[in-house]
Amino acid sequence: MSALSAEHATIPVMGRLAPHTGRTELLAHIAEAARQIRIQDLKLVHYAGAGHIGGDMSAIDILATLYGAVLNVGPDNVEDPERDRFILSKGHVAGALYTTLAAFGFIPVEQLATFLKPLSALNGHPNRRKVPGIEANTGPLGHGLPIAVGHALSAKLDVSPRRTYVLVGDGELQEGSNWEAMMAASQYQLDRLTVVVDRNRLQQGATTKETNDLDPLQDKAAAFGFAVVEVNGHDHGELLDVLSSVPFRPGKPTFVIAHTHKGHPISYMSNNVAWHHKVPSTAEFELALEELEAAAHPRFAKEL
Amino acid sequence: MTEILTRNESLRDRPRFDCRDSYVKTLSELAEHDHRIVGVVNDSVGSSKLDAFKKSFPDRLINVGIAEQDMVGVAAGLANGGRIPFVSAASCFLTARALEQIKADVAYSNRNVKLCGMSPGMAYGDLGPTHHSIEDIAWLRAIDNMTIIVPADPVETAAALRWAAEFDGPVFIRVSRMGVPQVNADDYEFRPGRAVTLRNGGDVTVISNGTVVWRALVAAELLADQGIEARVISMPTVKPLDVEAIVAAAAETGAIVTAEEATSKGGLGGAVAEAVVENHPVPMRILGVPEFAPTGSAGFLLDRYGMSPEGIADAARATMARVR
């Protein structure tokens, strides 16, 4: 497998639209960002010969919505103390995060070509000491939520409006540290903390139901003191609405269950447990590329 | 190198101090002048003696409940938000239960978190090995980007805390509970990675830290009575290590004994042995805790494992005897 060459690093720099931009434009912007991030991520995994493509694809709409229209973080203010924080707890989808950071200008697009190469800053799990825009070195599961609670506490102590978002995998919720953190979030009434669960119902080798069933997840989160919202995790409108509503319920942290499909929307990959960290063959790669490129938004594909 | 004490006959009889008192006094003073400082505890307000801190700064003492993984992750998040968290928890639970958070969230992420291990070693003597924290130094020494400090007395505890508050990065400080006499001068200045020579001597060197330093000083008195001049080095910073002082001791005295209230595998003794073997091999003896300790107070157990003043003196003579 050849390494990803610079010519495959086609992601354009995007950035948020101006605040007055209408919802239709905003959603089209997010959709096109997500589509291009997916294409790039597919190339990343195919050419690197490794990665977690299933989880990447299930998380990309959430990442594109956050970076495209919600977070007040951009390449120019990655060190601003008052920036919103996004913590990727499911660190194994680092490829999706790098691709998103490249799409929104945090790192050079060309740098994606180094993904997983020896001495690259783009390791299989994110490293904040090497990549701007990363808030925590995650990878072991169950770490992001406590860190997010700590940041949300710091904002509360500062009486700052800055917001905290953390993306956790659903299988990851089997780690007890998440529930420790949820108790503390509720106790401290961290209503500017939003936990997003990538609820694709698949973990490494099986469904969550077969492994350690999380349901009824909404009831569990509610019992831990969270305001619980369920959305289609591939619907940018639903994501945008809930992620922009902070606080969602005053006095309560928010728990967004984003229903997703691992591998979405690639036909042979979607909701298929085999694609946790499988690498597409050349034929599979070309088919996926064809499907993703066909989905271009007619109005925005050129302008962006 | 600073010579502070030359005669210590009375060390055994001097007043003993619980270093947690120095800890909370210093932390409160620091917090008074730096609003970024917060305490983070796992229901350990009382066991960390933080009641006074809580009274002075009620909003700045974060109690996450009995949840160590969350406690350290929360501290990393507080640091992300610009705060300087001092995590205060029993060292056994802090380091064992949250080891991966210490590795990933604090050290690897390079967050400005101060991990304060309360009542380390065998301070919870008769509560047994579940509550002993003899492994903490060895575990944390294996983690990159982690400064490890084991103060010997209240003066050094305060000085190390003041330094840690200024330093931007991960630090682990052991805060002793078992009473210890003051061995450092009142105007002692802590310098990271620097050993303190408390007594000069050319026949053998005893390197120790924490609660064992005063015992080493008394051992040197016993040796002096027998005509043996022992160098006594206090090594508050286990990491980074003062290799220069160790190599000089090896070269100039020819025999080294280490003694610590921690496991004899991979702690201060291990660190010194690595420096000695790589730079200037000489006979060594590593005193520490070799097993899950039986029931007994910390003082009783230290004596049992050869770290009474007499035991340390015996080890020094035996090690000298191995010098060709």
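Side notes on the structure shown:
- Cα-based convex hull, the stretch A:6-301, per residue volume (Å³, whole number): 117 Å³
- Check: the protein assembly as shown dipole with +1 on Lys, Arg Cβ and -1 on Asp, Glu Cβ, in debye: 240 debye
- Subtracting the Cα-Cα distance of A:His277 and A:Leu17 from 0.36 nm times their residue separation leaves 90.2 nm of extension gain.
- Considering only B:Phe86, B:Met320, B:Val243, the residue lying farthest towards the positive end of the dipole of chain B is B:Phe86, judged by Cα position with unit charges set on Cβ.
- The rule of thumb for compact globular proteins, 2.2 N^0.38 Å, goes into the C-alpha radius of gyration of the stretch A:212-304 1.43 times.
- Helices in chain B, meaning DSSP H runs of at least 4 residues, each add -39500 (n - 2.57). Divided by all residues, the mean residue ellipticity at 222 nm is -10500 deg cm²/dmol.
- B:Val212, B:Val276 arranged by Cβ crowding within 10 Å, fewest neighbours leading: B:Val276, B:Val212
- Taking every C-alpha pair closer than 8 Å and separated by at least 6 residues, the mean separation divided by the residue count of chain A gives a relative contact order of 23 percent.
- For B:Val175, distant residues with modelled amide H under 5 Å away: B:Gly117, B:Met118, B:Ser119
- The Kirkwood hydrodynamic radius of chain B, based on inverse pair distances between different Cα atoms, is 19.5 Å.
- The stretch A:41-67 residues near the modelled A:Tyr268 label - backbone nitrogen below 19 Å, point 7 Å along Cα→Cβ: A:41-58
- Computed from point charges on the beta carbon alone (+1 for Lys and Arg, -1 for Asp and Glu), the dipole magnitude for chain B about its Cα centre is near 280 Debye.
- Under 11 Å, Cβ to Cβ, from B:Ala313 - net charge with Lys/Arg +1 and Asp/Glu -1: -2
- Summarising the amide proton neighbourhood of A:Gln203: residues at separation of 5 or more, or on other chains, whose placed amide H is nearer than 5 Å comprise A:Thr208.
- Estimated inter-spin distance, B:His33 and B:Asp187, nm [label 7 Å along Cα→Cβ]: 1.8 nm
- Pairs of lysines in chain B whose Cα atoms sit within less than 16 Å of one another amount to 7, provided the residues are eight or more positions apart or on different chains.
- Translational diffusion of the stretch B:172-229, µm² s⁻¹ [Kirkwood Rh, Cα pairs; Stokes-Einstein; 20 °C; 1.002 mPa s]: 165 µm²/s
- Environment charge of A:Arg163, counting only residues whose C-beta is closer than 9 Å and scoring Lys/Arg +1, Asp/Glu -1: +2
- Exposure proxy ranking, count of Cβ atoms within 10 Å, fewest first, for A:Lys252, B:Lys55: B:Lys55, A:Lys252
- Semi-axis lengths (Å, descending) of the ellipsoid that matches the C-alpha gyration tensor of the protein assembly as shown: 53, 26, 20
- Among the residues of A:128-137, the average count of other protein chain beta-carbon atoms within 10 Å of the residue beta-carbon is 3.
- Based on the Kirkwood approach, the hydrodynamic radius assigned to the stretch B:187-320 is 14.5 Å, with every pair of different Cα atoms included.
- Think of it as helices only: each DSSP H run of n ≥ 4 in chain A is worth -39500 (n - 2.57), and spread over all residues that comes to -11000 deg cm²/dmol at 222 nm.
- For the stretch A:199-284, share of DSSP beta bridges that run antiparallel, in % to the nearest 5: 20 percent
- Counting only DSSP beta bridges whose two residues both lie in the protein assembly as shown, roughly 15 percent are antiparallel.
- The charge dipole of the stretch B:19-175, taken about its Cα centre with unit charges on the Cβ atoms of Lys, Arg (+1), Asp and Glu (-1) only, comes to about 180 debye.
- Positive-end ranking of A:Ser244, A:Ile11, A:Thr282 along the dipole of the stretch A:6-301, with charges on Cβ about the Cα centre, is headed by A:Ser244.
All of the numbers you see were taken from the coordinates with simple rules; none came from a lab. Worth saying up front: this structure is predicted, and the values here are computed from it rather than measured. Note: ideal-geometry Cβ built from the backbone for every residue, glycine included; neighbour counts use all protein chains shown.
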